[in-house]
1. May I ask you to verify whether LEU210 is among the aliphatic types (A, V, I, L, M), assigned to a helix (DSSP H, G or I), touching a residue at least 24 places away in the same chain (Cβ under 8 Å) and surrounded by 20 or more Cβ atoms within 10 Å (Cβ to Cβ)?
2. State the number of residues belonging to the range 82-109 that are closer than 21 Å to GLY131 by Cα and part of a loop (DSSP other than H, G, I, E, B).
3. Tell me, which residue of the range 36-64 that is among the small types (Gly, Ala, Ser) and either in a strand (DSSP E or B) or touching a His at 6+ places or on another chain (Cβ under 6 Å) (or both) is surrounded by the fewest Cβ atoms within 10 Å (Cβ to Cβ)?
4. Given the criterion within 19 Å of TRP206 (Cβ to Cβ) and of a type in the set (Val, Ile, Thr), identify the matching residue among VAL138, VAL119.
5. For the range 133-152, state whether one or more residues are surrounded by 19 or more Cβ atoms within 10 Å (Cβ to Cβ), under 30 Å from ASN30 (Cα atoms) and out of contact with any Ser or Thr (no Cβ under 9 Å at 6 or more places or on another chain).
6. Over 17 Å from the mean Cα position of the chain (by Cα) and of a type in the set (Gly, Ala, Ser), is that true of ALA158?
7. Based on this model, can you work out whether ASN182 counts as under 16 Å from the mean Cα position of the chain (by Cα), surrounded by 19 or more Cβ atoms within 10 Å (Cβ to Cβ) and touching a residue at least 24 places away in the same chain (Cβ under 8 Å)?
Amino acid sequence: MSIKIQVLDNILQMNDSFAEENRRIFKEHNTFAMNMMSSPGSGKTTILERTLERLDPSQVAIIEGDMQTTRDAERLERFGCQILQISTGNACHLDGKMIHDAAKELDLIGVRLLVIENVGNLVCPAEFRVGEDAKAVVLSVTEGEDKPLKYPLMFREASICMFNKIDLLPHLDFSLEEARENARQINPQLKFLEISCKTGEGLEEWTDWLQSKMKG
């Protein structure tokens with residue numbers, strides 16, 4: 001057991017050194033870096049599509065993380081922003097070195113927002129810092145109110161929690177109040193947004209929040 005713990009410590013220490021270098025690079029370019037995390041199918045990419053419709057794409061760059069395929073990156077190409085795909089193979093998360101290598105391929109001059117769309121997973125992505133300024137977690141209302149209690153690290157590390165697909169609430173037993181309370185037990189400082197990419201509800205508040213960070 002002690003050997004396994006030591007190996008994990010070494011991996012995380014190495015990761016953190018890359019994350020610190022990434023943070024330096026982003027700060028040097030005045031780029032706000034957002035690490036976007038969720039389970040598969042929560043709607044991260046659709047949120048990004050709606051986001052790019054409301055922001056200046058020339059000021060945005062996106063790093064797409066998926067175990068296989070480039071489908072999400074292809075969906076975003078039409079907006080004309082810089083997009084870089086990372087295919088992780090069997091790895092269930094992006095790490096500091098992956099982002100460090102990717103950042104070398106991006107021209108960050110004039111980029112005010114870098115969105116890192118992490119691999120769909122509610123466990124591993126929260127464990128690995130990548131140099132982000134903030135973490136966002138997307139929770140679809142189809143997933144259940146207990147997810148913050150089952151996956152506490154994800155919600156503890158996040159600055160903002162987006163309840164997505166709220167247009168489906170009339171057809172579900174999902175309680176936003178209970179989900180918020182569960183998340184507050186883990187992280188009392190967590191900011192909540194309620195979003196529907198179908199109706200547009202909540203998207204203006206989301207992009208306003210991003211723009212306030214991009215000006216910083």
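The numbers here are math on the coordinates, done by the rules we state, and not lab data. Quick caveat: nothing in here was measured; it's all calculated off a predicted structure. Don't worry about glycine lacking a Cβ; one is built from the backbone with ideal geometry, like all the others, and counts go over all protein chains shown.
1. Working: among the aliphatic types (A, V, I, L, M): yes; assigned to a helix (DSSP H, G or I): yes; touching a residue at least 24 places away in the same chain (Cβ under 8 Å): yes; surrounded by 20 or more Cβ atoms within 10 Å (Cβ to Cβ): yes.
Taking the combined requirement at face value, the residue satisfies it.
2. Taking the range 82-109 and keeping what is closer than 21 Å to GLY131 by Cα, we get 82-88, 91-109.
Checking which are part of a loop (DSSP other than H, G, I, E, B) leaves us with 88, 91-95, 106-109.
Total satisfying the criteria: 10.
3. Taking the range 36-64 and keeping what is among the small types (Gly, Ala, Ser), we get 38-39, 41-43, 58, 61.
Okay, now just the ones that are also either in a strand (DSSP E or B) or touching a His at 6+ places or on another chain (Cβ under 6 Å) (or both), so 38, 61.
Numbers: SER38: 26, ALA61: 24.
Checked the range 36-64; the qualifying residue surrounded by the fewest Cβ atoms within 10 Å (Cβ to Cβ) is ALA61.
4. On the way: VAL119 fails: within 19 Å of TRP206 (Cβ to Cβ).
The match here is VAL138.
5. No, because not a single residue in the range 133-152 is surrounded by 19 or more Cβ atoms within 10 Å (Cβ to Cβ), under 30 Å from ASN30 (Cα atoms) and out of contact with any Ser or Thr (no Cβ under 9 Å at 6 or more places or on another chain).
6. Values: over 17 Å from the mean Cα position of the chain (by Cα): no; of a type in the set (Gly, Ala, Ser): yes.
No; evaluated as a whole, the condition is false for this residue.
7. Working: under 16 Å from the mean Cα position of the chain (by Cα): no; surrounded by 19 or more Cβ atoms within 10 Å (Cβ to Cβ): yes; touching a residue at least 24 places away in the same chain (Cβ under 8 Å): yes.
No.
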